[in-house]
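The values are calculated or read from the model by the stated rules, or taken from the named source; none is laboratory data. This structure is a prediction, so every number in the text was calculated from the model and none was measured. All Cβ positions, glycine included, derive from the backbone under ideal geometry; neighbour counts span all protein chains shown. Heavy atoms of the whole protein, side chains included, go into the accessibility calculation; ligands, DNA and RNA do not. Shrake-Rupley method; radii C 1.70, N 1.55, O 1.52, S 1.80 Å.
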Amino acid sequence: MRVVHAYRYALDPTPRQERALRSHCGAARLAFNWGLARVKANLSQREAERSYGIPDAQLTPPLSWSMFSLRKAWNGAKQQVAPWWAENSKEAYACGLDRLATALTNWNESRKGTRKGPKVGFPRFRSKRKKAMSVRFTTGTIRLHGRTHVVLPLLGRIKTHESTRKLARRIEAGTARIRSATVRLEAGRWLVSFSVQVERAEVIPARPEAVVGVDLGVKTLAVYSDGRPPTANPRHLAAASRKLRRLSRAVSRKQGPDRRSGQQPSGRWQRANAARNRIHHRVATLRRDAIHKLTTTLAGEYGTLVVEDLHIAGMVKNRRLARAISDAGFGEIRRQLAYKTEWGGGRLMVAGRWFASSKTCSGCGAVKAKLALSERAFACAACGLVLDRDVNAALNLASLVKQTVEHTVAGSGPETPNGRGADHKTPPAGAGGCETSTPHRARPRSDGDLRPVMDGSLRNTETQ
């Protein structure tokens, strides 16, 4: 199995190398802003000509937004725009132009409605003060030098803060190949991230036949259907909130930057702001580490995991819960489970967004009309079952896979599996149906998704 891994290491550059890194990041920003100004001038000119009544055929020719066209134009103008361009690697300017081409393509596709996700605005000029410093290298000398150094184009050999032996062993064994390197300044520390194509051995989970439903929440981060002890929510941001408030007050009392008056920040403001940023960086690092440990454990043990398709963008609109939901990292958990189950030989099943996992009784299948967030115990009026609401939701998620398997075995007529291993027949509705009062018919699909009659209670993302 060939996959793409990212290996990130902290750097310890010398003062001269740090100046060179900043120069490369500035070169990428310059190329981005130059290309954006050129595109905006062309669009403004065409719009002004239209306002004069000039026919479209006689307008100023539009500029191409492709990376090839932008780079060709840059090579013709770089002597006038940046006479010092030879001091930096050509990859720095190509990085900025590539980011501009991607941003313009995303905006154009979003404007036409062909791009999924939220609307993307027109690119803005990148500021030296606000935008994070980063540059990407795709060609040239990109390699490891021993276990304590990396080599980058024109920058030469740079010492690493930690050993690179894990990646070096894979490269020496011939099972890894470096594709690109990205250098980034984060919380006062220079980091290099290698995008590596790795050949992974085929593996299987420790319990390939085991099925577990995972219910994510704020009070408890993850509750499982097989009796596994729940994973507590570490609440990293809440734990650091007191220190962040104190440091934020210290920053507000010092002379900071002001764009309107041109006031420059004082040295004390910069030191106080750096101290506050270090706390934010530590919170993000702790959250990322905890989520990686959780998802790696689950993907390595269970053959099938079932989670919910949470509408996180809508959930964070609740101003009382937005901070806690963002601190939990629901979206990152699902993203990591998706690729780790694929790497580990398992599969990830995603329950439909309208499946009433919390309102459905895991014993008899009855559905409650309402269930307030304050009700932490689920009490069924039909069969008398009393159970923790999160455990009940996890059991309902796990039962979806069992119902699908039973339908496949007991169904009449031959079943034709698709590329994901699912049958083309529509399986029965999930336990309890849908949260809404109006049932929805299943939309016809040709990709083999496991979508029940009540607007899809199960989706297979095994190959996504």
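All of (1) open to solvent by 40 Å² or more (accessible area, probe 1.4 Å); (2) in contact with a helix residue (DSSP H, G or I) (Cβ under 8 Å, 6 or more places away or on another chain) hold for Ala313 with one exception: (2).
Selection of helices (runs of 4 or more DSSP H) fully inside region 1-114 by the criterion of at least 2 residues being of a type outside the set (Val, Ile, Thr), touching a residue at least 12 places away in the same chain (Cβ under 8 Å) and open to solvent by 80 Å² or more (accessible area, probe 1.4 Å) returns 15-51.
Please verify whether region 119-127 includes one or more residues that are of a type in the set (Gly, Ala, Ser), in contact (Cβ under 8 Å) with a residue 40 or more places away in the chain and assigned to a loop (DSSP other than H, G, I, E, B). Looking through region 119-127, none of the residues is of a type in the set (Gly, Ala, Ser), in contact (Cβ under 8 Å) with a residue 40 or more places away in the chain and assigned to a loop (DSSP other than H, G, I, E, B). The set of residues in region 197-241 that are out of contact with any helix residue (DSSP H, G or I) (no Cβ under 6 Å at 6 or more places or on another chain), open to solvent by less than 60 Å² (accessible area, probe 1.4 Å) and charged (D, E, K, R) is empty. Within region 311-368, the only residue that satisfies the criterion of being of a type in the set (Lys, Arg), without any contact (Cβ under 8 Å) to a residue 24 or more places away in the chain and closer than 17 Å to Ala222 by Cβ is Arg335. In region 357-386, the residue that is nearest to the chain's Cα centre (by Cα) out of those that are under 20 Å from Ala232 (Cα atoms) and open to solvent by 50 Å² or more (accessible area, probe 1.4 Å) is Leu373.
For region 107-137, the set of residues classified as of a type in the set (Ser, Thr, Tyr) and closer than 21 Å to Leu36 by Cβ consists of Ser110, Ser127, Ser134, listed by residue number. Among the residues of region 72-93, the ones that are under 29 Å from the mean Cα position of the chain (by Cα) and within 19 Å of Phe125 (Cβ to Cβ) come to 2 in all. Filter region 248-299 down to the residues that are over 24 Å from Leu191 (Cβ atoms), open to solvent by less than 40 Å² (accessible area, probe 1.4 Å) and touching a residue at least 40 places away in the same chain (Cβ under 8 Å) and list them by number. Matches in region 248-299: Leu298, Ala299.
Of all residues in region 149-171, those that are of a type in the set (Asp, Glu) and either open to solvent by less than 70 Å² (accessible area, probe 1.4 Å) or within 17 Å of Arg2 (Cα to Cα) (or both) total 0.
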